[in-house]
Amino acid sequence: MRSLLATFVLSLVLFYLAYNALAGDQGLAKWTNLQKREKELILELEVIQGEKDVVYEKIHRLRPETLDLDYIEEIARKKLAYAREDEVILNVKE
């Protein structure tokens, strides 16, 4: 009887430890989820850094020492519907 009780208690303890190792707050399932989330965040960071680089490039093209007149014309055409006298603007709605 005593060894049966000891076996049962030991089984419960082992089950508890195994459960926590797999599904607990610091278990394998949580670790797997954190690894997946880390990969998602790294990809998101790469996208944001790419967007930041595009913005910095636009800023660089507008600085007085590196002024890009073609870029200014492109902005004026897009934002202000600027056109030369001999050009016709066609607005196409999608």
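The values are calculated or read from the model by the stated rules, or taken from the named source; none is laboratory data. Remember, it's a predicted structure, so these values are computed and weren't measured experimentally. So basically every Cβ, Gly included, is an ideal-geometry build from the backbone, and we count neighbours across all protein chains shown.
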Report whether or not residue 30 is closer than 30 Å to residue 16 by Cβ and touching a Gly at 6+ places or on another chain (Cβ under 9 Å).
yes
Exactly one of 40, 57, 46 is acidic (Asp, Glu) and more than 16 Å from the chain's Cα centre (by Cα), and that one is 57
Filter the range 36-86 down to the residues that are of a type in the set (Ser, Thr, Tyr) and in a helix (DSSP H, G or I), then identify the one that is surrounded by the most Cβ atoms within 10 Å (Cβ to Cβ).
71
Can you tell me which residues in the range 53-94 are hydroxyl-bearing (Ser, Thr, Tyr) and at pLDDT below 90?
82
For residue 33, are the conditions met, namely being surrounded by 10 or more Cβ atoms within 10 Å (Cβ to Cβ) and at pLDDT below 90?
no
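For the condition exposed (fewer than 10 other Cβ atoms within 10 Å of the Cβ) and assigned to a helix (DSSP H, G or I), what is the one hit in 17, 10, 22, 5?
Working: 17 fails: exposed (fewer than 10 other Cβ atoms within 10 Å of the Cβ); 10 fails: exposed (fewer than 10 other Cβ atoms within 10 Å of the Cβ); 22 fails: exposed (fewer than 10 other Cβ atoms within 10 Å of the Cβ).
Checking each option against the conditions leaves just 5.
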